[in-house]
Ligand code: TRP
Ligand code: SF4
């Protein structure tokens, strides 16, 4: 039996090059070897966007297109929408008995997000909701309702997968061996930093290059990237290791990156030209991705068909697993 991969993205915005290196690239490579399910996590996106439902639903199509454009093959992978598989919500309810509130508060990913999104003291200001605090429980259901064995994710998600494993162990010890423990699969590339030097590239941080950005948008963003602050005049020598432009050159410019480093240190390179060169290389990298996106954008019926097929396959899996779950929990009445 082939192992199953379960991974996915919140549908609260378009995906960016940080997502690409952190998880998309990995899942494209893995889809040949595993039964692959990719969840459009609209329910999870609602946990902190409940008052902005259009944003969540409008971005479902964006995230589907992002996945298809980087090379997710609909004949190999199942793309499906979280809210259309009610079994996930059901399993979430059962799991919520198995996790203490103290444990939820201890999850480092959730802690960081509460800070970053200013859920406690920011403009939202109303405190952390039960739904947001509990999203790792719902994510455990996302993974296990489909028998996910492997979960390719970025490093920030490891604590959530760890919590999933705990829930599964607890479930099995109380109700009998029913579910298998998933494992995370980390991508080789470390998390991409933002253009501003922030440790994380994020849509809400305003430091991201999106997979669908036009040449002009890429250039505009790269021109604002953080460079070595000590470089004032065009031909001042500088330290490329203090510059985000060089950091990205290493990813997108191949051999040219070595020249960038040498010329930067020697004071033979102006920052504006250096940035234009990088923007060009990023756009070249994005070109085939955007061509594929256009192909699907022009065929909305095909995309709808892909999602419907993914939903159907996902639903079949979830129904089988939920039968076992209800049986183990002794709530399989009249069956
Ligand atoms: N939490 C993930 C993110 O923020 C999205 C996600 C939801 C997910 N359900 C999942 C990832 C299940 C892997 C498996 O990107
Ligand atoms: Fe950065 Fe290039 Fe300027 Fe050097 S020349 S500081 S690498 S932008």
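Readers should treat all values here as calculations from the given coordinates under stated rules, not as data from a laboratory. Everything quoted here is computed from the prediction, not taken from an experiment. Cβ sites come from the backbone with ideal geometry, for glycine too, and all protein chains shown count toward neighbours.
Listed values, structure above:
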| item | result |
| --- | --- |
| Taking 77, 212, 23 and counting other C-beta atoms within 10 Å, the order from fewest to most | 212, 23, 77 |
| DSSP-defined antiparallel bridges as percent of all bridges, the chain, nearest 5 | 5 |
| Normalised convex hull volume, segment 208-295, alpha-carbon set, Å³ per residue | 76 |
| Of 72, 101, 88, the one that fluctuates the most in a GNM where the chain has Cα springs shorter than 10 Å | 101 |
| Helix 135-144 vs. the chain, principal-axis angle (Cα, 0 to 90°, nearest 10) | 70 |
| Cα-based helix-to-principal-axis angle, 158-175 vs the chain, degrees rounded to 10 | 10 |
| Residues 40, 201 arranged by fewest to most Cβ contacts within 10 Å | 201, 40 |
| Likely footprinting exposure, 272, 245, fewest C-beta neighbours within 10 Å first | 272, 245 |
| Distribution of pairwise C-alpha distances over segment 77-163, 10 Å bins, in % | 15, 45, 34, 6, 0 |
| Using alpha-carbon coordinates, inclination of helix 300-328 to the longest axis of the chain, degrees | 40 |
| Alpha-carbon gyration tensor eigenvalues x 5, square-rooted, for the chain, Å | 40, 22, 18 |
| Whole-angstrom gap from segment 68-87 to segment 289-335, using each part's C-alpha centre | 7 |
| Alpha-carbon centroids, segment 149-174 and segment 202-250: separation in whole Å | 36 |
| Length released on extending from residue 111 to residue 266, taking residue separation times 0.36 nm less the Cα-Cα span | 51.4 nm |
